[in-house]
Amino acid sequence: MTLSRIVWRCVISEMDREVELSLVRRLRDADTGAFDQIYNTFNTRLYNFLARLSGSRDVAEDLVEETWLRLVSASATLDLDTRIAPWLFTVGRNLYVSYCRSRGREQSYTSDFLLLWPDRLSPSPFDRASANESEVRLNAALAALPVKYREALLLVGVEGLRPAEAAAVCGISPEAFRQRLSRARALISEQWCHHMKEATL
Amino acid sequence: MTRGDSLLDVLAGLPEWSPNRRREHAVRMRCHEELRHCAERRTRAAQRRRLVGWCFDASAALGACAYAAIVLHAAIRYALGG
């Protein structure tokens, strides 16, 4: 599963630019086939990104739906050279930020410290059975990070976006993003060590 | 786990969660419908633009005809010595 995912991600991140341009062109012409191709390629990625970012699968499903509807309503005005993945992740991420604001969660979004996350993912019995212990710990460590660090790690580490693209998604400069990513790596390493210590006790 | 690169490798290996298939299908269908509406709206807008263009051309042609008739009328009156 892991291997196939990595291979699949490489295919996506290296999506032939010509194919991408042709998909955007066809989408501008309201071609449902092009939409399906984009949807099949990115829906699961977008869902995973938003589920890990928000810590709630229900919220992620709502945000994913809204993101696709935004794509459809903006399809006619898309630039011909639009890069689909960064566009989708930017919209999804912005929708999540709006969601946080609407729920009065600005504090949790901007804080540099570890905060309580009531919507933290509660794994289903199937997940519990299928996930191994280190995955569970890694997910827990990821969920414990402040959102701005979590999104940096998710975009680059999990979704395989280039740092420059991820910086654009987060709306910050590439240099600031590099610093944020470095801080995120340090934080998750701390979290990971903390979980490992807890596990050995 | 302390090195950044190995951390990213571990993150890349995180398992994938599958979205709800039923909802996925519903979203896809809704988006198809929206796309069709968008296409229809664009077609209607193009038709309106064509109609407006045709009306403009027709009114310009009528105006040119009226102007030609006035000029011709004046020329005839002048020729007849009126």
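The values are calculated or read from the model by the stated rules, or taken from the named source; none is laboratory data. Bear in mind the structure is a predicted one, so any value in this text is a computation, not a measurement. All Cβ positions, glycine included, derive from the backbone under ideal geometry; neighbour counts span all protein chains shown.
For every residue, the table says whether it meets (1) farther than 30 Å from A:N40 by Cβ; (2) at pLDDT below 95; (3) not β-branched (V, I, T).
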| site | (1), (2), (3) |
| --- | --- |
| B:L8 | no, yes, yes |
| B:S18 | no, yes, yes |
| B:E24 | no, yes, yes |
| B:C31 | no, no, yes |
| B:F56 | yes, no, yes |
| B:L72 | yes, no, yes |
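Could you name every one of the helices (runs of 4 or more DSSP H) located completely within segment A:12-96 that has at least 1 residues being under 18 Å from the mean Cα position of the chain (by Cα)? It would help to see each step written out before you state the result.
Working: elements: A:17-28, A:32-54, A:57-74.
Per the criteria, A:32-54, A:57-74.
For the condition surrounded by fewer than 10 Cβ atoms within 10 Å (Cβ to Cβ) and over 23 Å from A:R25 (Cα atoms), B:A79 qualifies. For segment B:12-29, the count of residues that are of a type outside the set (S, T, N, Q) and touching a Leu at 6+ places or on another chain (Cβ under 7 Å) is at least one. Within segment B:3-20, none of the residues are away from every other protein chain (no Cβ under 14 Å), at negative phi, among the basic types (K, R) and out of contact with any strand residue (DSSP E or B) (no Cβ under 8 Å at 6 or more places or on another chain). Note on segment A:144-165: residues that are more than 12 Å from every other protein chain (Cβ to nearest Cβ) and outside any loop (DSSP other than H, G, I, E, B) amount to 6.
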